[in-house]
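The structure under discussion appears below in the form of structure tokens.
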Amino acid sequence: MFTFRIMNTVSSYITLLIFVINGFVFAGTTGKIAGKAADKITGEPLIGANILIVGTNLGAASDINGNYFIINIPPGQYEIKASMIGYSSYTFQNVRVSVDQTTKIDFKLGEESVELTEVIVTAQKPLIQKDLTSTEATISGDHISMLPLEDVSAVVNLQAGVVDGHFRGGRSNEVKYLIDGVTVNDVYSGQSSLSAEVNSIEEIQVLTGTFNAEYGEALSGVVNQVTKIAGVKLDGYISFYSGDYVSSNNNIFTNIGDINPANVYNVQGNLSGPVPGFGNLLKFFLSGRYNYDEGSIYGQRIFNPSDSSNFSTNDPKDWYIGATGDKEYVSMNFNRKLSLQGKLAINVGGGKGIVLSGLYQDSKYRDYDHLYKLNPDGDYKKFQKSLLGIASYTLLLSNSAFIDFAASGLKSEFKQYVYENPLDPRYVNPDRKKNVSGNAFLTGGTENWHFNHTTTSLTGKADFIWQFDNINQIKSGLEFTYHDLKYEDFQIVIDATSDFKPSLPTPGAFNFNTYQSYPYQFAYYIQDKIELDYLIVNAGVRFDYFEPDGKFLRDANEISLLDELQPPFPDSLLLKASPKKQISPRVGISYPITDQGAIHISYGHFFQIPPFANLYRNPNFRIPLTGNFPENIGNTIGNADLKPQQTIMYEIGIQQALTDELRITVTAYYKDIRNLLGTEIFIKNEFRKFSKLVNRDYGSVKGVTLSFEKKFVGELGATVDYTFQVAKGNASDPNDAFNKVQANPPIELNKQLVSLDWDRRHSLNFTVTAGVPGNYIASFIGRLGSGLPYTPSLQNQRTGLENSDNRPTFFNVDFYITKYLKIYGVQFSLFAKIFNLFDRKNELNVFGDTGRAGETLELTRNQQPPRGVNTIQEYFTRPDFYSSPRQIVLGANVAF
């Protein structure tokens with residue numbers, strides 16, 4: 001046996017060496033169970049006790065010291081059974097395993113007797129997770145199902161330190177989103193391109209602290225969505241709800257007085273189990289959801305886009321109003337989404353075997369534009385389609401080592417237009433939008449640009465995990481991702497040259513921009529998790545490499561001297577962007593001070609390549625001298641040679657159990673942020689300003705969170721967390737410098753740190769859940785926060801420093817109640833959800849002269865009435881400045 005153990009150790013070292021040279025990296029999707037088996041009477045360790053996870057092929061035997069560990073366990077609840085000859089078996093039920101965490105289960109076996117052959121107990125999730133070395137929230141799918149949470153973003157925004165997708169003061173595109181360990185960020189925008197639906201989620205892991213070296217390309221946080229796997233028997237459920245907005249605020253939100261259940265509806269369901277005829281070899285999981293939300297902001301079709309009016313005379317009696325609309329109300333912030341997911345598990349080779357999965361999402365939505373309130377058909381609609389495919393295989397090397405291989409492909413396609421066909425005769429001359437003036441709604445016209453971008457990311461990676469001994473768990477690997485980025489924008493030309501019919505410019509022209517790039521990324525990391533009784537350490541280092549595959553303008557001053565610049569450009573003006581490399585060390589330490597408490601401290605360097613839209617933006621260097629170009633078309637030049645953005649993060653915290661059911665957590669953090677995107681200003685033809693994206697912005701964030709958790713025991717559970725945070729920087733928007741020099745008069749650039757747009761100083765979140773699972777559940781979610789900052793101004797001129805005042809306080813409560821019924825052996829439930837329970841008019845945006853959403857001094861000053869059909873009061877009534885009004889939905893579930 002001794003020789004066998006030596007050979008096994010040597011084999012493990014060789015495996016590790018081979019992997020370090022040739023491996024790939026795969027983000028965590030499994031957890032670990034570890035503990036000790038001992039004699040109940042004497043306390044002596046039991047050698048060779050068998051510990052098995054019931055219903056799986058996972059297990060281990062205790063060693064000479066009674067210690068055991070089981071790795072490669074997907075998140076979920078399990079039964080853990082220990083047995084040994086001469087002893088009664090012992091089973092723990094409802095043992096919760098979470099991603100990247102160790103669940104401690106100790107067995108004390110008693111001698112076998114005729115009266116007692118097996119002991120069964122229900123495990124309780126420990127209040128204190130002693131191996132947490134930084135802030136992490138793990139939310140199970142069962143917990144999500146008991147709260148009024150509709151999507152992943154709602155779950156994320158409920159976590160301490162998160163403000164509307166901004167993690168601890170960072171920009172919203174600094175977060176990495178994963179599904180089953182695979183990145184799903186759209187590299188063009190940096191935002192998540194798709195997300196798992198909550199009905200298919202087993203667990204969500206939200207990392208807001210100094211996450212481990214295995215996670216790269218993120219400055220502020222990580223959201224890891226682990227979806228469900230098929231069970232051993234066929235089961236499923238179907239859910240449906242419908243409802244509408246129910247509010248008394250008709251003076252702000254028009255057309256919501258009449259309740260129509262078809263305005264909001266949702267259908268979703270799951271089906272999983274073994275494939276008939278294949279036994280345990282093939283298992284499947286299917287999930288789908290269709291959701292439609294009409295929205296709460298409506299326009300009225302008084303005008304069609306083709307209408308023409310004349311308000312040029314000074315006497316309103318002589319105005320010509322060409323209104324041909326049907327006066328129907330039209331939703332101007334609707335959202336429609338279809339989600340489909342499939343997963344096929346092939347039980348071969350041990351471990352999780354081969355898993356094939358796919359996720360498809362198709363969204364159509366609209367963002368409200370106030371100018372189009374009376375001409376709602378003339379504004380943009382937006383379309384997003386995303387497809388994710390994953391093939392993974394677990395190679396089990398031994399009971400202490402395995403490799404997760406994975407290949408994935410992510411395709412994200414975004415389109416924005418008024419009419420799909422760019423030659424649609426309903427497009428009209430943009431001069432129609434000049435019929436009105438002053439504070440007037442448009443009485444005709446269309447948006448005449450099309451925007452399309454498609455990104456395809458192909459990734460090959462794997463993750464090697466080796467439990468070297470009872471103390472050290474080593475991870476190491478490589479990652480390679482190849483991107484294909486396609487972009488185009490073009491203007492629909494309608495003028496005398498086209499006989500006033502829609503036509504397209506020539507590709508490559510000033511108003512027809514197109515490009516394609518093939519950047520790729522490579523990363524390597526190694527880390528060690530050291531678990532001692534008195535100390536847990538997570539230490540690792542990461543190396544990232546990025547090849548931008550692009551050229552950048554050597555000196556922007558050169559094009560400022562040219563009257564006209566059209567591609568192809570001389571090589572003397574362009575330089576090839578250099579590869580970018582960085583090393584990121586990270587370390588976290590947890591020190592259990594008692595059985596009921598632990599202190600942690602962590603530190604790390606984090607890097608992220610800027611969104612690709614900023615690297616390759618405006619490659620034709622379009623600097624429009626005249627005309628109205630959309631903000632993202634001209635004036636700003638991309639930079640393929642941008643450096644990675646950098647954050648250095650520090651954190652210290654303490655967890656302490658106050659009782660068997662109540663826990664308190666206190667965490668303090670600091671972030672130093674460098675190399676953020678900003679703009680450098682240039683001048684063309686001595687008057688036309690333009691900018692180039694560079695690494696110039698910076699900021700810092702400091703904060704403290706205080707959290708209480710009462711476990712769901714005795715029909716009641718609750719959480720409360722409070723965050724005090726100061727998030728400051730020289731700019732909130734990369735285009736800040738350019739926008740300020742374009743202002744009239746120009747605004748001086750910040751010479752000191754100012755509050756960032758999302759700097760919410762005080763945040764309080766709470767949840768309360770009551771009831772008996774299987775009978776009824778009622779729950780509340782509440783959010784209270786100080787108002788976000790704004791810049792005081794009067795008649796578009798600043799009267800105070802940037803972000804020197806605050807909007808009103810934010811407060812919102814959501815409610816959920818469900819009643820379970822069992823009829824003829826089938827589980828039914830009826831439920832109601834109420835969002836914005838108290839119908840609060842939270843002021844998300846405000847007028848700069850009053851700091852309120854419903855009041856402005858523009859209504860009191862003497863000014864010319866609008867040259868249009870609306871009053872000044874109607875124009876300054878802004879429903880988009882408020883949060884959505886109360887929404888009520890009623891529904892039912894059927895489980896089988």
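The values are calculated or read from the model by the stated rules, or taken from the named source; none is laboratory data. All values reported here derive from a predicted model rather than from experimental measurement. Note that each Cβ is placed from the backbone with ideal geometry, even for glycine, and that neighbours are counted across all protein chains shown. SASA here: full protein model, heavy atoms, side chains in, ligands and nucleic acids out. Shrake-Rupley method; radii C 1.70, N 1.55, O 1.52, S 1.80 Å.
How many residues, within the range 502-544, are open to solvent by less than 40 Å² (accessible area, probe 1.4 Å), in contact with a Leu (Cβ under 9 Å, 6 or more places away or on another chain) and over 23 Å from ILE465 (Cα atoms)?
Count: 6.
Which of the following residues is at pLDDT 95 or above and surrounded by 21 or more Cβ atoms within 10 Å (Cβ to Cβ): VAL701, VAL720?
Result: VAL701 is the single residue among VAL701, VAL720 that is at pLDDT 95 or above and surrounded by 21 or more Cβ atoms within 10 Å (Cβ to Cβ).
Yes or no, residue by residue, for (1) surrounded by fewer than 18 Cβ atoms within 10 Å (Cβ to Cβ); (2) not in a loop (DSSP other than H, G, I, E, B):
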| residue | (1), (2) |
| --- | --- |
| GLY231 | yes, no |
| ILE238 | yes, yes |
| GLY243 | no, yes |
| SER248 | yes, no |
| ILE252 | no, no |
| ILE256 | no, no |
| ILE259 | yes, no |
| ASN266 | no, yes |
| ASN270 | no, yes |
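So which of ASP379, ASP404, ASP431 is of a type in the set (D, E, K, R), at pLDDT below 95 and either open to solvent by less than 20 Å² (accessible area, probe 1.4 Å) or under 22 Å from the mean Cα position of the chain (by Cα) (or both)?
ASP404
Among residues belonging to the range 162-182 that are open to solvent by less than 10 Å² (accessible area, probe 1.4 Å) and outside any strand (DSSP E or B), point out the one that is modelled with the lowest pLDDT.
For the range 162-182, the residue satisfying everything is GLY181.
In the range 60-103, what count of residues is obtained for those that are part of a strand (DSSP E or B), within 23 Å of LYS475 (Cβ to Cβ) and more than 35 Å from the chain's Cα centre (by Cα)?
3
If I go through the range 501-525 residue by residue, how many of them are touching a Pro at 6+ places or on another chain (Cβ under 9 Å), among the small types (Gly, Ala, Ser) and part of a loop (DSSP other than H, G, I, E, B)?
Residues meeting the conditions: 1.
Test of understanding: among ILE139, ILE85, which residue is over 27 Å from LYS702 (Cβ atoms) and aliphatic (A, V, I, L, M)?
ILE85
Within the range 828-876, how many residues turn out to be touching a Lys or Arg at 6+ places or on another chain (Cβ under 9 Å) and among the acidic types (Asp, Glu)?
Residues flagged as touching a Lys or Arg at 6+ places or on another chain (Cβ under 9 Å) and among the acidic types (Asp, Glu) within the range 828-876 amount to 3.
Do you know which residues across the range 601-618 are open to solvent by less than 10 Å² (accessible area, probe 1.4 Å) and more than 30 Å from GLU488 (Cα to Cα)?
Answer for the range 601-618, where residues must be open to solvent by less than 10 Å² (accessible area, probe 1.4 Å) and more than 30 Å from GLU488 (Cα to Cα): SER602, GLY604, PHE606.
Is the range 659-669 home to any residue that is of a type in the set (S, T, N, Q) and open to solvent by 50 Å² or more (accessible area, probe 1.4 Å)?
Among the residues of the range 659-669, at least one is of a type in the set (S, T, N, Q) and open to solvent by 50 Å² or more (accessible area, probe 1.4 Å), which makes the answer yes.
So which pairs qualify, if the first residue must be in the range 829-844 and polar (S, T, N, Q), the second must be open to solvent by less than 40 Å² (accessible area, probe 1.4 Å), the Cβ gap must be under 6 Å, and the two must be at least 6 apart or on different chains?
SER829/THR818; SER829/ASN893; ASN836/ASN812; ASN842/PHE810; ASN842/SER883
Return the residues of the range 751-779 that are of a type outside the set (Gly, Ala, Ser), more than 26 Å from VAL666 (Cβ to Cβ) and surrounded by 18 or more Cβ atoms within 10 Å (Cβ to Cβ); say none if nothing qualifies.
Those that are of a type outside the set (Gly, Ala, Ser), more than 26 Å from VAL666 (Cβ to Cβ) and surrounded by 18 or more Cβ atoms within 10 Å (Cβ to Cβ): VAL754, ASP757, ILE777.
Tell me the residue from ASP484, ASP469, ASP489 that is more than 26 Å from the chain's Cα centre (by Cα) and either open to solvent by 10 Å² or more (accessible area, probe 1.4 Å) or free of Cβ contacts under 8 Å to residues at least 12 places away in the same chain (or both), please.
Within the list ASP484, ASP469, ASP489, the selection yields ASP469.
For the range 485-494, indicate whether the set of residues that are among the aromatic types (Phe, Trp, Tyr), out of contact with any helix residue (DSSP H, G or I) (no Cβ under 6 Å at 6 or more places or on another chain), assigned to a strand (DSSP E or B) and within 20 Å of PHE552 (Cα to Cα) is non-empty.
Yes, the range 485-494 contains a residue that is among the aromatic types (Phe, Trp, Tyr), out of contact with any helix residue (DSSP H, G or I) (no Cβ under 6 Å at 6 or more places or on another chain), assigned to a strand (DSSP E or B) and within 20 Å of PHE552 (Cα to Cα).
Assuming SER287 fulfils every condition listed in (1) modelled with pLDDT of 95 or more; (2) polar (S, T, N, Q); (3) open to solvent by 20 Å² or more (accessible area, probe 1.4 Å); (4) touching a helix residue (DSSP H, G or I) at 6+ places or on another chain (Cβ under 7 Å) apart from one, which condition is it?
Exception for SER287: condition (3).
Going through LEU396, LEU423, LEU387, LEU371 one at a time, which residue ends up being on the phi < 0 side of the Ramachandran plot, touching a Pro at 6+ places or on another chain (Cβ under 7 Å), surrounded by fewer than 21 Cβ atoms within 10 Å (Cβ to Cβ) and touching a residue at least 24 places away in the same chain (Cβ under 8 Å)?
Within the list LEU396, LEU423, LEU387, LEU371, the selection yields LEU423.
With respect to ALA731, determine if the residue is under 29 Å from LEU764 (Cβ atoms), open to solvent by less than 30 Å² (accessible area, probe 1.4 Å) and at pLDDT below 95.
Answer is yes for this residue.
Those residues that are charged (D, E, K, R) and open to solvent by less than 30 Å² (accessible area, probe 1.4 Å), I need them from the range 791-842; list them, please.
GLU802, ASP814, LYS833, ASP839
Output the number of the condition that ILE128 fails; it satisfies all remaining conditions of (1) open to solvent by less than 20 Å² (accessible area, probe 1.4 Å); (2) in a loop (DSSP other than H, G, I, E, B); (3) at pLDDT 90 or above.
Of the numbered conditions (1) open to solvent by less than 20 Å² (accessible area, probe 1.4 Å); (2) in a loop (DSSP other than H, G, I, E, B); (3) at pLDDT 90 or above, the odd one out for ILE128 is (3).
Do we find a residue being in contact with a Lys or Arg (Cβ under 7 Å, 6 or more places away or on another chain), over 20 Å from PRO592 (Cβ atoms), of a type in the set (A, V, I, L, M) and buried (at least 20 other Cβ atoms within 10 Å of the Cβ) anywhere in the range 85-108?
The answer is no; no qualifying residue exists.
This table checks each residue for (1) assigned to a loop (DSSP other than H, G, I, E, B); (2) touching a residue at least 60 places away in the same chain (Cβ under 8 Å).
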| position | (1), (2) |
| --- | --- |
| GLY299 | no, yes |
| ASP307 | yes, yes |
| THR313 | yes, no |
| ARG336 | no, no |
| SER339 | no, yes |
| GLY342 | no, no |
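Taking into account only those residues within the range 183-222 that are aromatic (Phe, Trp, Tyr) and closer than 25 Å to SER700 by Cα, which is surrounded by the fewest Cβ atoms within 10 Å (Cβ to Cβ)?
TYR215
So for the range 665-683 (the condition being modelled with pLDDT under 95, not basic (Lys, Arg) and not in a strand (DSSP E or B)), does at least one residue qualify?
no
Only one of (1) part of a strand (DSSP E or B); (2) open to solvent by 40 Å² or more (accessible area, probe 1.4 Å); (3) small (Gly, Ala, Ser) fails for GLY277. Which number is that?
In the conditions (1) part of a strand (DSSP E or B); (2) open to solvent by 40 Å² or more (accessible area, probe 1.4 Å); (3) small (Gly, Ala, Ser), GLY277 misses (1) alone.
Can you name the condition, by its number, that HIS450 falls short on among (1) in a strand (DSSP E or B); (2) surrounded by fewer than 19 Cβ atoms within 10 Å (Cβ to Cβ); (3) modelled with pLDDT of 95 or more?
(2)
With the condition kept exactly as written, say whether any residue in the range 797-808 is basic (Lys, Arg), assigned to a strand (DSSP E or B) and under 30 Å from GLY269 (Cβ atoms).
No, because not a single residue in the range 797-808 is basic (Lys, Arg), assigned to a strand (DSSP E or B) and under 30 Å from GLY269 (Cβ atoms).
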